[in-house]
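Working notes for the structure below.
The values are calculated or read from the model by the stated rules, or taken from the named source; none is laboratory data. Everything quoted here is computed from the prediction, not taken from an experiment. Neighbour counts run over all protein chains shown; Cβ positions are idealised from the backbone, glycine included.
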Ligand SMILES: [Zn+2]
């Protein structure tokens, strides 16, 4: 079972992309898969070229297979203009290094869609932890985004529970993020909601993964 986005660096049976939030945390372990990016929550009030250069050097490493989480969050302290500059950098890196993006988005879906479109991004863009309404899900699907669902699926009346039901199965990923829930429990719940058995979901997500991380 592939876990596309996790902050918990414990070994698992399947594949897991472990997300690194600051490059000082970048682990030396071999055999793990990483994503690295500048999360909007942790941006410093000043942007320095040096910070970008340091991040870029880590992003270029072979075991960093995706860029992120990065994105836009209109509820956090970092100014929108600065967030856009930083996200543009990540869009540029995605193309330069041929690595998909794992995107954090809060109340900024229009801007994310517009910026990815304007950058003419060829790499896969995965909105992680999707838990929003059907209308936004439809817009994202139409614009070619992948959506990844996590522990919100385990709640009874979450938006995620509704949104997963309209997902084209070839655009779907599942994740644990920072929750204690196991990836198995999330696959099981996704199976119930999609009326599919776990093996079929597992196989399909493997296909989705191989396609974008070729
Ligand atoms: Zn996360």
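Considering only residues of the range 24-77 that are assigned to a helix (DSSP H, G or I) and within 16 Å of the ligand (Cβ to nearest atom), which is surrounded by the fewest Cβ atoms within 10 Å (Cβ to Cβ)? The extreme case among them is 42.
Out of everything in the range 109-134 that is part of a loop (DSSP other than H, G, I, E, B) and within 16 Å of the ligand (Cβ to nearest atom), what residue ends up being surrounded by the fewest Cβ atoms within 10 Å (Cβ to Cβ)? It would help to see each step written out before you state the result.
Residues of the range 109-134 that are part of a loop (DSSP other than H, G, I, E, B), as a first pass: 119-124, 128-133.
Checking which are within 16 Å of the ligand (Cβ to nearest atom) leaves us with 128-132.
Details: 128: 25, 129: 23, 130: 26, 131: 17, 132: 21.
Going through the qualifying residues, I end up with 131.
Of the residues 103, 8, the single one that is modelled with pLDDT of 90 or more, under 15 Å from the mean Cα position of the chain (by Cα) and within 16 Å of the ligand (Cβ to nearest atom) is 103. Scanning the range 187-199 for residues that are part of a helix (DSSP H, G or I) and either in contact (Cβ under 8 Å) with a residue 24 or more places away in the chain or in contact with a helix residue (DSSP H, G or I) (Cβ under 8 Å, 6 or more places away or on another chain) (or both) turns up 187, 188, 189, 190, 191, 193, 194, 198.
Condition test on residue 15, is it away from the ligand (no atom under 13 Å from the Cβ), in contact (Cβ under 8 Å) with a residue 40 or more places away in the chain and under 19 Å from the mean Cα position of the chain (by Cα)? Even if it seems obvious, please write down each step before you answer.
On the way: away from the ligand (no atom under 13 Å from the Cβ): yes; in contact (Cβ under 8 Å) with a residue 40 or more places away in the chain: yes; under 19 Å from the mean Cα position of the chain (by Cα): yes.
Taking the combined requirement at face value, the residue satisfies it.
Taken over the range 135-166, the residue count meeting the criterion of being more than 16 Å from the ligand (Cβ to nearest atom), touching a residue at least 24 places away in the same chain (Cβ under 8 Å) and over 21 Å from residue 114 (Cα atoms) is 9.
This table checks each residue for (1) touching a helix residue (DSSP H, G or I) at 6+ places or on another chain (Cβ under 9 Å); (2) under 22 Å from residue 51 (Cβ atoms).
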{"site": "92", "(1), (2)": "no, yes"}
{"site": "95", "(1), (2)": "no, yes"}
{"site": "104", "(1), (2)": "yes, yes"}
{"site": "107", "(1), (2)": "no, no"}
{"site": "110", "(1), (2)": "yes, no"}
{"site": "139", "(1), (2)": "yes, no"}
{"site": "145", "(1), (2)": "yes, no"}
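So which of 200, 170, 180 ends up being surrounded by fewer than 15 Cβ atoms within 10 Å (Cβ to Cβ) and within 16 Å of the ligand (Cβ to nearest atom)?
Working: 200 fails: within 16 Å of the ligand (Cβ to nearest atom); 170 fails: within 16 Å of the ligand (Cβ to nearest atom).
Matching residue, one of 200, 170, 180: 180.
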